[in-house]
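The values are calculated or read from the model by the stated rules, or taken from the named source; none is laboratory data. Predicted model, so just to flag it, every value in this text is computed and none were measured. Ideal geometry is used to build each Cβ from the backbone, glycine not excepted, and the neighbour counts take in all protein chains shown.
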Amino acid sequence: MNRGAVVFGMVVCFCSLVLADSTNIVGGGSVDLSGFQFSGSGEYPTNYAAYVESATDLQIAGSSFDGGLGGEGFLNGGVGVQLSDVGRVSISSSVFRAGSGGGAVPNETESSDVKGRHGIASTNGKEGFDFCFGNGVDASGGDAGTISNGTGGLRVIGGDGVHCVTKDVARNWIVSGGTYQGGDGGTGSYASSKEEVFPFQILMGNLNGARGGYGFCLFQDDAYRDHDRSLIVSNGIFRGGNGGVANNAEDGDVTADGGSGLCSASVSDVRIVDGTFIGGQAGTTNGAVADPGFGAALWDCNAVVSGGDFRNGGLGFGALYYDSTCTLQGGEFDRMEFRTLTSGLGSYGWQGVTYARIDGGTIGQMAFTGTETAKAVFTGGTVSNICFKGTGATHISAADGVLRDTEFVQEDGNVFCSSNLLTGGHFLLEKGTLTVTNGLPPLAGSIDITSIESAVLSVPQSGYDFSSATDSGAVTFRGETVLFGEGIWQTNS
């Protein structure tokens, strides 16, 4: 079967065949690609190994798909298998290898891509059908290539192991095993003043530069979360690709962040039961180290995480357009970040609040970042360090004793907390305003707060006398200059 050949029919079954050129399978009905070897060739975008469109049922087991390599003149690599408008999908014990990006081809004026492509790529899909990934799936995105140009931008972004884009379709994605690896970012030098203004694209890292690919990526194309979509992960290994090298001679966007092992955006519900999630290493932008990827990045969704091992970036979660809640019941996390971003559509009611409920789990560092509101409640689990980095408002409360051994650092923003969070004597207030919502307890030596920059501690309690509190030992303040007012303590660096 030659490249470009098209197979129509209601039932298609291939067994133990080798197809050396890109193959198209178009038409309704059932398609069984078990025991099959595909390989792609030719130029992008037709250098995929296989393309399947409009099938109502697709089965893949014991097969391999190798996308074609990019080359000069057709720089992007090829997809392992491309699925479009396919219904029920079941994949197990198969290998999907995307093609890597091509070599250096100078381009003086236009934006250029030298992307690695995706091991499995899926767009849309039929309403109401499940997409299942079982044991033995091995999907890898291609590494990006190398390019330089004059005044245009470029993307040398690693491919995703799995890349699913959905729109206006309600369905479930179920992952019970497998290994998913993002491709590494490439090397690019360019000169562009372009800055991305669409917050969703910024969140997804779709910028000029050399970001690493995602191990497994699922997102809603238009960012609307108005359909019932679920991602359920019970096991698997998810690794992000490493960031590459990007140099921009102008002041526009440039990224070389590592890719996330798992990335989901605008999917209604996400459930993670177990698995290993590893973020990609940071690359460099204009000689400076970029940011690593997350083990798992979950945006604009309601997520329940009951287990798993989240390494090298841990778990990232946040709201953009929709109120979003992360319920943590268990798991091991070297880091967690709750991130809030301004949607730009707040006046139309499209600004989400990030909610966190921590009932269990072991967490190294937890950070609250961004420009909008986050609210967190702790009923269990352990956290070594909590850092408030954003300029937005963070509301945090905890059951007695839950965060007694946690160290707190407030680098900026407005933090609202209950007094029992401060009784461990581990709070560094560098900048911003810390408001204790229920007053300070009259316990000798109960609160010890250090400030190293200009900061404010506020107790909205009528007539609260900080001078008496410090004289009695109920509160210990450490700062360069201490100014007292009614319910206000302030330091000036």
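I need a count of the residues in the stretch 410-429 that are part of a loop (DSSP other than H, G, I, E, B) and surrounded by fewer than 19 Cβ atoms within 10 Å (Cβ to Cβ).
So in the stretch 410-429, the residues part of a loop (DSSP other than H, G, I, E, B) come out as 411-413, 418, 422-426.
This time we only want the ones that are surrounded by fewer than 19 Cβ atoms within 10 Å (Cβ to Cβ), so: 411-412, 418, 424-425.
Residues flagged as part of a loop (DSSP other than H, G, I, E, B) and surrounded by fewer than 19 Cβ atoms within 10 Å (Cβ to Cβ) within the stretch 410-429 amount to 5.
Quick one: what pairs do we get from the stretch 395-409, first residue part of a loop (DSSP other than H, G, I, E, B), second of a type in the set (A, V, I, L, M, F, W, C) and modelled with pLDDT of 90 or more, C-beta under 7 Å, 6+ apart or different chains?
Within 7 Å, the pairs are 399/378; 402/378; 403/378; 403/383; 406/383; 406/386.
Take residue 268 and decide whether it is surrounded by fewer than 20 Cβ atoms within 10 Å (Cβ to Cβ), in contact (Cβ under 8 Å) with a residue 24 or more places away in the chain and in contact with a Cys (Cβ under 8 Å, 6 or more places away or on another chain).
Values: surrounded by fewer than 20 Cβ atoms within 10 Å (Cβ to Cβ): yes; in contact (Cβ under 8 Å) with a residue 24 or more places away in the chain: yes; in contact with a Cys (Cβ under 8 Å, 6 or more places away or on another chain): yes.
So residue 268 fits the description; yes.
State which residue is surrounded by the most Cβ atoms within 10 Å (Cβ to Cβ) when the search covers only the stretch 360-384 and only residues that are of a type in the set (Ser, Thr, Tyr) and under 17 Å from residue 311 (Cα atoms). Quick ask: steps written out before the conclusion?
Within the stretch 360-384, the subset of a type in the set (Ser, Thr, Tyr) is 362, 369, 371, 373, 379, 382, 384.
Keeping just the survivors that are under 17 Å from residue 311 (Cα atoms) gives 362, 382, 384.
Values: 362: 13, 382: 15, 384: 13.
Among residues in the stretch 360-384 that are of a type in the set (Ser, Thr, Tyr) and under 17 Å from residue 311 (Cα atoms), the one surrounded by the most Cβ atoms within 10 Å (Cβ to Cβ) is 382.
Restricting to strands (runs of 3 or more DSSP E) lying wholly in the stretch 133-204: which have 2 or more residues that are touching a residue at least 24 places away in the same chain (Cβ under 8 Å) and over 17 Å from the mean Cα position of the chain (by Cα)?
Once the strands (runs of 3 or more DSSP E) in the stretch 133-204 are filtered for at least 2 residues that are touching a residue at least 24 places away in the same chain (Cβ under 8 Å) and over 17 Å from the mean Cα position of the chain (by Cα), what remains is 138-140, 146-148, 171-175, 187-190.
How many residues are among the hydroxyl-bearing types (Ser, Thr, Tyr) and either closer than 21 Å to residue 77 by Cβ or modelled with pLDDT under 75 (or both) if we restrict to the stretch 11-58? It would help to see each step written out before you state the result.
To start, the set of residues in the stretch 11-58 that are among the hydroxyl-bearing types (Ser, Thr, Tyr) comprises 16, 22-23, 30, 34, 39, 41, 44, 46, 48, 51, 54, 56.
If we keep only those that are either closer than 21 Å to residue 77 by Cβ or modelled with pLDDT under 75 (or both) too, we end up with 16, 22-23, 39, 41, 44, 46, 48, 51.
So the answer is 9.
Can you confirm whether residue 61 is closer than 26 Å to residue 177 by Cα, at pLDDT 90 or above and surrounded by fewer than 23 Cβ atoms within 10 Å (Cβ to Cβ)?
Details: closer than 26 Å to residue 177 by Cα: yes; at pLDDT 90 or above: yes; surrounded by fewer than 23 Cβ atoms within 10 Å (Cβ to Cβ): yes.
Answer is yes for this residue.
Counting only residues that are among the hydroxyl-bearing types (Ser, Thr, Tyr) and at pLDDT 85 or above, which one in the stretch 87-122 is farthest from residue 182 (Cα to Cα)?
If we filter the stretch 87-122 for residues that are among the hydroxyl-bearing types (Ser, Thr, Tyr), which is where we start, we get 90, 92-94, 100, 109, 111-112, 122.
Filter again for at pLDDT 85 or above, leaving 90, 92-94, 122.
On the way: 90: 21, 92: 19, 93: 19, 94: 17, 122: 16 Å.
If we take residues in the stretch 87-122 being among the hydroxyl-bearing types (Ser, Thr, Tyr) and at pLDDT 85 or above, then 90 is farthest from residue 182 (Cα to Cα).
Scan (1) crowded, with 17+ Cβ neighbours inside 10 Å; (2) modelled with pLDDT of 95 or more for the single condition residue 234 breaks and write down its number.
Residue 234 satisfies every listed condition except (1).
How many residues does the stretch 239-298 contain that are of a type in the set (Val, Ile, Thr), touching a Gly at 6+ places or on another chain (Cβ under 9 Å), at pLDDT below 95 and not in a strand (DSSP E or B)?
If we filter the stretch 239-298 for residues that are of a type in the set (Val, Ile, Thr), which is where we start, we get 245, 254-255, 267, 270, 272-273, 276, 278, 284-285, 289.
Now drop any that are not touching a Gly at 6+ places or on another chain (Cβ under 9 Å), which leaves 245, 254-255, 272-273, 276, 278, 284-285, 289.
Still in the running and at pLDDT below 95: 254-255.
If we keep only those that are not in a strand (DSSP E or B) as well, we get 254.
The total comes to 1.
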